[in-house]
Amino acid sequence: MPAITNKTLETLKYDLVREGLVSYEVVEQAQEIANARSINIGQALIDSGFITEDQLIKFLETKLHTPFVNLDDYEPDKKCLKYISFTDARRYKIIPLFKIENTLTVAMSDPRNLFAIDKIMESAECEIDPVLANEDSILNKIDEYYKIDVSVGNISTGFNGGYDWQEELHKEDLSDNHIQKIIRAILKQAILEDIHEVIFQGDDEGLGVNFKKQGEMLNKGYIPSVLISSFIAKLKTVSELDSSVSEVPQLGKLCFKVDDIYVMASVSTFPTIMGERIFLKIYKPPKTLDKIVTSKQDLSEIRNSLNIPGIILVCGSSLSGKTHVIYSLLQEAAKTTSKNIMTLESIAKYELSGVNQCEFNENVGFNMDKATRFITFQNPDIIYLEGIKSKASFDYFSSLVYDGKTIIMEFLANNMEDLRNKMAFSDFDTLKSIITTMIFIHSKNSIEVFDKNNLQKYLG
């Protein structure tokens, strides 16, 4: 069944009624089933016997003016993989099939995603001809065809007592992918030790591999000098960075699998007198909101705040999991509403279906300043903003609340007392007055939710 985005389905589902394929009541019933099971409404219609897969495929081909391609028995041209990065392929659920002259034919789960088409046209520097394909089959083909080139492989976290990445380093392995195995081993040890930040920095002994935990740097060994250049080049390559550039900072991302679950890490490089320092931050997939907030009353409060203008403030200390909770909020909003949801981020930490995630790109001048000047033209209903720190930015995004927007912000505070002291400054008076809900993360297992009334009493 060709799965397309919720946004596209919203524009097409009543065309099924107009075409006489199903009744209005059936569409509404299928929508409820889809929401309850977190599946595509088309899949819900098929599973419930309201329509056949062939009927739905023919309907989509006609309405989207795009042919359907069954990828199960199709072999994409490997030479065309270079036109679309692994990250973009996964994010937009798109894979190149073949190229004739200046036109690249791509399989997409949503041919109406013009943002994705424009992005691919820009990076591939050619025309794009989309065809419709099943979302699962696209993802399977991406895994099959891209894994050799950019993946660090699948990490298994079965019983590995006392695992040490240096065992991989010291193996007499002369194969071309030995460096790749070392990267995988370091990531595996980080995952096993529940580490979210890995820092590679040079000193007299080589390239230090450091894990950061509870604010402390723990050295876990060294990449020997003879392997440093190869190691950094491979790490940059799998992170979709330019391995030939070392004089300026770069920001990329690394996607890999842990027990068949996709995990993303942001990768930041920075030139120093001891060579490049590389900072890697690991983000695990978000849980559903009800797994994080177990109180039914608190869940109801949060869900209500996603549907009204105001600010949802997510607070906690560094590495407390603010981003994880925010992604769960965005996931909940996409699942339970049909609103236009947009994010402004340095790096998209996880691909969220139904959310328009926007990454800054300093290379072309797309930064927070430009994003804030143009985002209102996209008429978003819900906006997530990463790392707002200046008063001007706070004031600007606070003003959007009066235009009916729901703003999700994060705020650094080590504890409730720290929050109260910071919010005592007059700079935050406007912000405090329009907060509808605050979520404070005390620890992984302790999250507190404040409604508007309780928050005002607490903060004053």
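The values are calculated or read from the model by the stated rules, or taken from the named source; none is laboratory data. Everything numeric here is computed off the predicted structure, so don't read it as measured data. Here the Cβ positions follow ideal geometry from the backbone for every residue, glycine too, while neighbour counts run over all protein chains shown.
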Being farther than 30 Å from Ile95 by Cβ and either surrounded by 15 or more Cβ atoms within 10 Å (Cβ to Cβ) or at pLDDT 90 or above (or both) is true for just one of Gln201, Gln214, Gln180. Which residue is that?
Gln201
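Within the range 199-236, track down each residue that is assigned to a helix (DSSP H, G or I), of a type in the set (S, T, N, Q) and in contact with an Asp or Glu (Cβ under 9 Å, 6 or more places away or on another chain).
Listed by number, the list holds a single entry, Ser225.
Yes/no per residue for (1) surrounded by fewer than 13 Cβ atoms within 10 Å (Cβ to Cβ); (2) in the same structural domain as Gln214 (by TED's automatic domain parsing); (3) more than 25 Å from the chain's Cα centre (by Cα):
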| site | (1), (2), (3) |
| --- | --- |
| Gly354 | no, no, no |
| Ile375 | no, no, no |
| Pro380 | no, no, no |
| Ile388 | no, no, no |
| Asp395 | yes, no, yes |
| Phe411 | no, no, no |
| Met416 | no, no, yes |
So Asp15 ticks every box in (1) surrounded by 15 or more Cβ atoms within 10 Å (Cβ to Cβ); (2) touching a helix residue (DSSP H, G or I) at 6+ places or on another chain (Cβ under 9 Å) but one. Which box is left unticked?
(1)
Quick check on the range 220-230. Is at least one of its residues surrounded by fewer than 20 Cβ atoms within 10 Å (Cβ to Cβ) and under 30 Å from His324 (Cα atoms)?
yes
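Yes/no matrix, rows are residues, columns are (1) in a strand (DSSP E or B); (2) of a type in the set (Asp, Glu); (3) more than 25 Å from Leu251 (Cα to Cα):
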residue: Asp298; (1), (2), (3): no, yes, yes
residue: Arg303; (1), (2), (3): no, no, yes
residue: Ile308; (1), (2), (3): no, no, yes
residue: Ile311; (1), (2), (3): yes, no, yes
residue: Ser320; (1), (2), (3): no, no, no
residue: His324; (1), (2), (3): no, no, no
residue: Tyr327; (1), (2), (3): no, no, no
residue: Ala333; (1), (2), (3): no, no, yes
Counting only residues that are out of contact with any Phe, Trp or Tyr (no Cβ under 9 Å at 6 or more places or on another chain) and hydrophobic (A, V, I, L, M, F, W, C), which one in the range 56-84 is nearest to Ile117 (Cα to Cα)?
Leu64
Are there any pairs with C-beta distances below 6 angstrom linking a residue in the range 81-93 that is assigned by TED's automatic domain parsing to the domain that holds Glu135 to a residue that is in a loop (DSSP other than H, G, I, E, B) and of a type outside the set (Asp, Glu), with the two at least 6 apart or on different chains, and if so which?
Lys93/Ser109
With respect to Ile195, determine if the residue is in contact (Cβ under 8 Å) with a residue 60 or more places away in the chain, closer than 27 Å to Ser320 by Cβ, assigned to a loop (DSSP other than H, G, I, E, B) and of a type outside the set (Phe, Trp, Tyr).
yes
When Arg373 is evaluated against the numbered criteria (1) in a helix (DSSP H, G or I); (2) in contact (Cβ under 8 Å) with a residue 12 or more places away in the chain, which criterion, by number, is the only one it fails?
(2)
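Quick grid of which residues meet (1) free of Cβ contacts under 8 Å to residues at least 60 places away in the same chain; (2) of a type in the set (Gly, Ala, Ser); (3) crowded, with 16+ Cβ neighbours inside 10 Å:
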site	(1), (2), (3)
Leu344	yes, no, yes
Cys358	yes, no, yes
Val401	no, no, yes
Ile408	no, no, yes
Arg420	yes, no, no
Ile439	no, no, yes
Val449	no, no, yes
